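Input: a single structure, listed below in structure tokens.
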Amino acid sequence: RLNAAQEEYGSFRNGVNGTRKLFAPSLNWRLAPDLNWLLQYEYNEHSRTPDRGIPGVNGAPANVPLESVYSDTRRDNIRDVSQSLRSRLSYDLNAQWQLRHLLGLIRLDSQFDNTYVTGVSGSNVNRQRWQQDLTADNLISQTELEGEVYSGNVKHQLLLGVDQGWQERNPKLYNNASTIAAANLYRPQALAQYNGAMRLNSDAQHRVRSRGVYAQDQLTLGDWQLLAGLRHDVFHVSSRRVDTGASESRNSSSLSPRLGVVWNGLPAHALYASYSKTFAPVGGSLIGLTPGSQGNTLDPEYTRLYETGIKSDWLGNRVATTLSLYRLELYNRRTTDPADPSRTILTGLQRSEGVELSAQARLPGQAYLRGGVAVQDASLVRAEPANQGKRPANVSKHNGSLFVGMDASQGWFGEVGVTAVGKRFADSA
């Protein structure tokens, strides 16, 4: 199979545009009646003009035309090239059991040149120019054993697995060696271009080693399905500043449970409920530590999700709907210590609760309809005094979508639709 794509896009923002390229061949080879090998390669390139938006003045966007751009569109650019190679071997031990091994190699090369606003004073805007060279390499190995066993009338679908990961990330940052002349906030078309020398800001090397082992059992008994899973992770991250010689490392571990139940006792309807927990260790988000930072000693952040709902089929399976209720909580959240703003503590709690309804419908001929609506209430339950009780940034209370499409039998499809997102705060404060 061969997938290839190219996208060219622009914007109502002056000088902002981009290009995406994708090349992804794959090969599936039946080596033997019980042995299958899937090999996949992907090349993804994304080049675009960075756009950091309109500067803020007195807590609101500056009163300038929406198409105003304050980066240097004559030169500023971001170029990411990612390549991945994946191998998946599947061996059927017998009719009930399968052994699988996945090996993945991912490489990212990223460069950016970016001029962005650092502050506004009266009608003057100040800017800085930054450059980055980044390489990141990931190697992932996963081995799984899956199969069925019976205990009386109970069917067990068992899954056992172990995975390992290695990652190296090397970012090198530069910024302007001399000051960029201030410019008139209300004349973005006359912004000065910085062509002076650049100086090294930081040169770092980050290494991650992760290991995980997991087990899961899905039980089927009559109209009931029960799922129970447990995963244990060990995460080690080390960082070294090549330019300063500073270094630091950190180990984290966690147990992550997963529980679920489904009842199929009603024709065309299935009721479900689930609970899951995950963790985010220090140094695991952007991959790397800042040597000497007090936050490096903190425990991981955790996320727990409670969800229940009903999946239904209507009108002879021509319409399918899912109605769900959920509560998602980020706890042990890193917050600023009210008694000492220079310290980070783990007392934060962010909660999102909501209801979602999604639907898909087959229309006469080859047409279809899909869409959904969602209502959610998000709050920073425990946070810094300035944010306590407020809604997190970029979270709306309402959103929805509706699309109509045509699915042709020759493999072509097309659709047109609308999405709507409610008002969101740009800043949690």
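The table below lists the values:
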{"item": "Spin-label model distance (nm) - residue 418 vs residue 357, 7 Å beyond Cα toward Cβ", "result": "1.8"}
{"item": "Tally of Lys pairs whose C-alpha atoms are under 26 Å apart, taken over the chain, 8 or more apart or cross-chain", "result": "9"}
{"item": "Area accessible to solvent at residue 29, 1.4 Å probe radius, in Å²", "result": "130"}
{"item": "Residue 232 paired with residue 128, simple spin-label distance in nm, labels 7 Å along Cα-to-beta-carbon", "result": "4.4"}
{"item": "Within the accessible area of the chain (1.4 Å probe), percent carbon and sulfur", "result": "55"}
{"item": "For the chain, accessible area per residue (1.4 Å probe, heavy atoms of protein chains only), Å²", "result": "58"}
{"item": "Farthest positive-ward along region 310-377 dipole, Cα basis, beta-carbon charges - from 325, 364, 336", "result": "364"}
{"item": "Solvent-accessible area of residue 286 with every protein chain in place, 1.4 Å probe, in Å² to the nearest 10", "result": "130"}
{"item": "Angstrom value of the Kirkwood radius, inverse mean 1/r, which spans all Cα pairs in the chain", "result": "26.3"}
{"item": "Within a Gaussian network of the chain (alpha carbon springs, distance under 10 Å), most fluctuating of 367, 268, 339", "result": "339"}
{"item": "Once the Cα gyration tensor of region 139-180 is diagonalised, semi-axes √(5λ) in Å", "result": "53, 12, 4"}
{"item": "Cα-projected label distance for residue 149 with residue 310, points at 7 Å along beta-carbon direction, nm", "result": "3.7"}
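The values are calculated or read from the model by the stated rules, or taken from the named source; none is laboratory data. Values in this document were obtained by computation on a predicted structure and should not be read as measured data. Glycine also receives a Cβ, built like all others from the backbone with ideal geometry; neighbour counts cover every protein chain displayed. Each accessible area value is taken on the protein alone, full model and side chains, heavy atoms only, with ligands, DNA and RNA left out. Shrake-Rupley method; radii C 1.70, N 1.55, O 1.52, S 1.80 Å.
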